[in-house]
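For reference, the structure is listed below as structure tokens.
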Amino acid sequence: MSRPLRAMTVAAAMSTALVLTACSSTETPADAKGGDESWTPVTIEHALGTTTIEEKPERVATVNWANHEVPLALGVVPVGMASADFGDDDGNGVLPWVEDKLEELDAETPALFDETDGIDFEAVADTQPDVILAGYSGLTQEDYDTLSEIAPVVAYPETAWGTPWREMIEINSKAIGLAEEGEELVKDLETEIDSAVADHPAIKDMSTMFLTHVDPSDLSEVNFYTTHDTRAMFFEDLGMQAPASIQKASDETDQFSSTVSAEQADVFDDVDIIVTYGGDDLVTTLEDDELLSQMPAVKNKSIVNLPGDAPLGTAANPTPLSISFVLDDYLDELDKAATAAK
């Protein structure tokens, strides 16, 4: 859909929503949106602009990956959220840890936005949101501008797809007036992580890299996530560290991933553990490759090969609700790889 047509459609959806709201409303002024006199306008600066939320948001919509988990973790059910297109184990568009939380809150599944071809602006407008959360996202400026025609939008603080889970909670919770609750959520998760990590001393200080999805048919390059990516950032939470080789490559880019020719694979001699997506066949492929098989982590079979289309693989990218759901299983896999490396 072209930008002018899309904007017209969004505008039409917004107008219809306003008419329906006006015709059906039986609220008194004190009960209507904005009637909460305790609300103090919230201003949030982010990578795409500055957003001020003038009135207490009652209808919260979220776009892109996992932003809905913040309000849900704090007891607020969004009116709409992105459908899960990765790691969904039963095909209903909702990840299992989100299903569990909705059940806990005795809530129905919110409207699901299909983002296969980008943000569905009309679907977002149809939910009549008061605020749109996208603290962890890859919004373009055009996306942000179009969404801002619907409601105030909170985008990522600095880097697209580079918001750590703590900051995702911080920026999204602040936007809905639950900043203090967000801080408590962060503390609770930190305590839970520290407690679980204490039971896995073998992984402490292990240098770990995360390969992106490997194409077995083309091993001419080594593609990996930099320290700007939340998957790699999570290793530090788990008591591990970025290898010097990965840190050096990360210092040379602001992107969440990078590439090195397989002929230079010896640069990764400082890697103890490799985490990637795939199965046993992928590990065999790496071991059979003349160049990549020389990497110490491959030689030692110190590889965590996560199922890319299952919840465990999905949760390697930590989010507010997924951390608790998979933490023990993830640590068990890392523990096995650490033991093989020693």
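The values are calculated or read from the model by the stated rules, or taken from the named source; none is laboratory data. This one's a predicted model, so the numbers in the text were calculated from it and none came from an experiment. Note that we place each Cβ from the backbone using ideal geometry, even for glycine, and neighbour counts take in every protein chain shown.
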From the list Phe256, Phe268, exactly one residue is closer than 20 Å to Ala297 by Cβ and crowded, with 19+ Cβ neighbours inside 10 Å. Which is it?
Phe268
Among the numbered criteria (1) in contact with a Ser or Thr (Cβ under 7 Å, 6 or more places away or on another chain); (2) closer than 30 Å to Asn67 by Cα, which single criterion is violated by Tyr330?
(1)
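Table: residues versus (1) part of a helix (DSSP H, G or I); (2) touching an Asp or Glu at 6+ places or on another chain (Cβ under 9 Å).
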residue: Arg231; (1), (2): yes, no
residue: Ile246; (1), (2): yes, yes
residue: Val260; (1), (2): no, yes
residue: Gln264; (1), (2): yes, no
residue: Val267; (1), (2): yes, no
residue: Thr276; (1), (2): no, no
residue: Glu287; (1), (2): yes, no
Among the residues of the range 304-337, the number that are under 23 Å from Glu190 (Cβ atoms) and in a helix (DSSP H, G or I) is 17
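Per-residue answers, yes or no, for (1) assigned to a loop (DSSP other than H, G, I, E, B); (2) modelled with pLDDT under 95:
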position: Pro4; (1), (2): no, yes
position: Met14; (1), (2): no, yes
position: Ala17; (1), (2): no, yes
position: Cys23; (1), (2): no, yes
position: Glu27; (1), (2): yes, yes
position: Gly34; (1), (2): yes, yes
position: Ser38; (1), (2): yes, yes
position: Lys56; (1), (2): yes, no
position: Ala66; (1), (2): yes, no
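Regarding Gly91, is this residue free of Cβ contacts under 8 Å to residues at least 24 places away in the same chain and either surrounded by fewer than 23 Cβ atoms within 10 Å (Cβ to Cβ) or assigned to a loop (DSSP other than H, G, I, E, B) (or both)? Can you show your working first?
Details: free of Cβ contacts under 8 Å to residues at least 24 places away in the same chain: yes; either surrounded by fewer than 23 Cβ atoms within 10 Å (Cβ to Cβ) or assigned to a loop (DSSP other than H, G, I, E, B) (or both): yes.
Considered against the rule, which asks whether it is free of Cβ contacts under 8 Å to residues at least 24 places away in the same chain and either surrounded by fewer than 23 Cβ atoms within 10 Å (Cβ to Cβ) or assigned to a loop (DSSP other than H, G, I, E, B) (or both), Gly91 comes out as yes.
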Could you say whether any residue in the range 302-318 is under 20 Å from the mean Cα position of the chain (by Cα), surrounded by 22 or more Cβ atoms within 10 Å (Cβ to Cβ) and at pLDDT 95 or above?
yes
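Residue-by-condition table, conditions (1) under 17 Å from Glu69 (Cα atoms); (2) surrounded by 18 or more Cβ atoms within 10 Å (Cβ to Cβ):
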residue	(1), (2)
Thr140	no, no
Leu147	no, yes
Asn172	yes, yes
Leu185	yes, yes
Glu190	yes, no
Ser195	no, no
Lys204	no, no
Does the range 114-130 contain at least one residue that is touching a strand residue (DSSP E or B) at 6+ places or on another chain (Cβ under 9 Å), under 27 Å from Leu327 (Cα atoms) and among the hydrophobic types (A, V, I, L, M, F, W, C)?
no
